[in-house]
Amino acid sequence: MLQGTAAALRADSGSRALPQAYGLLQLHVQRQASMLAYIDNFQILAIVTLCLIPIVLLVKKPRKGGAMALH
């Protein structure tokens with residue numbers, strides 16, 4: 001991939017084609033890493049949310065007509 005990109009850039013950039021190809025490759029890898037990190041974070045948030053649902057179901061409902069405790 002690196003050599004193909006450098007060959008495509010050689011017509012416009014000349015001797016700077018290889019460093020530019022490395023830059024494009026680094027950009028591509030960075031985008032993939034960002035997407036994988038986003039997916040990992042989404043999965044972690046989904047697991048935490050699923051673990052917290054039973055806590056909501058265990059909370060007692062307040063009595064109707066009861067006085068509120070205020071401090």
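Within the range 24-35, not a single residue is assigned to a loop (DSSP other than H, G, I, E, B) and of a type outside the set (G, A, S).
Among the candidates G4, G65, the residue that is exposed (fewer than 10 other Cβ atoms within 10 Å of the Cβ), assigned to a loop (DSSP other than H, G, I, E, B) and not basic (K, R) is uniquely G65. Checking each residue in the range 19-44 for being within 11 Å of the chain's Cα centre (by Cα) and not charged (D, E, K, R) picks out Q32, A33, S34, M35, L36, A37, Y38, I39, N41, F42, Q43, I44.
Annotation note: Cβ proximity below 6 Å between a residue of the range 6-25 that is of a type in the set (D, E, K, R) and at pLDDT 80 or above and a residue that is surrounded by 12 or more Cβ atoms within 10 Å (Cβ to Cβ) and in a helix (DSSP H, G or I) (sequence gap 6+ or interchain) occurs for R10/A17.
When you scan the range 40-47, do you find a residue that is of a type in the set (S, T, N, Q), at pLDDT 95 or above and farther than 30 Å from G4 by Cα, even just one? Yes, the conditions are met somewhere in the range 40-47. Evaluated against (1) more than 24 Å from the chain's Cα centre (by Cα); (2) exposed (fewer than 10 other Cβ atoms within 10 Å of the Cβ), L50 falls short on exactly one condition, (1).
Within the range 7-44, being small (G, A, S) and touching a Ser or Thr at 6+ places or on another chain (Cβ under 9 Å) holds for A17, A21.
Does A46 satisfy being touching a helix residue (DSSP H, G or I) at 6+ places or on another chain (Cβ under 8 Å) and of a type outside the set (S, T, N, Q)?
Details: touching a helix residue (DSSP H, G or I) at 6+ places or on another chain (Cβ under 8 Å): no; of a type outside the set (S, T, N, Q): yes.
No: the conditions fail for A46.
The values are calculated or read from the model by the stated rules, or taken from the named source; none is laboratory data. Fair warning: this is a prediction, and the values are worked out from it, not measured in the lab. Using ideal geometry, Cβ is built from the backbone for each residue, glycine included, and neighbour counts are taken over all protein chains shown.
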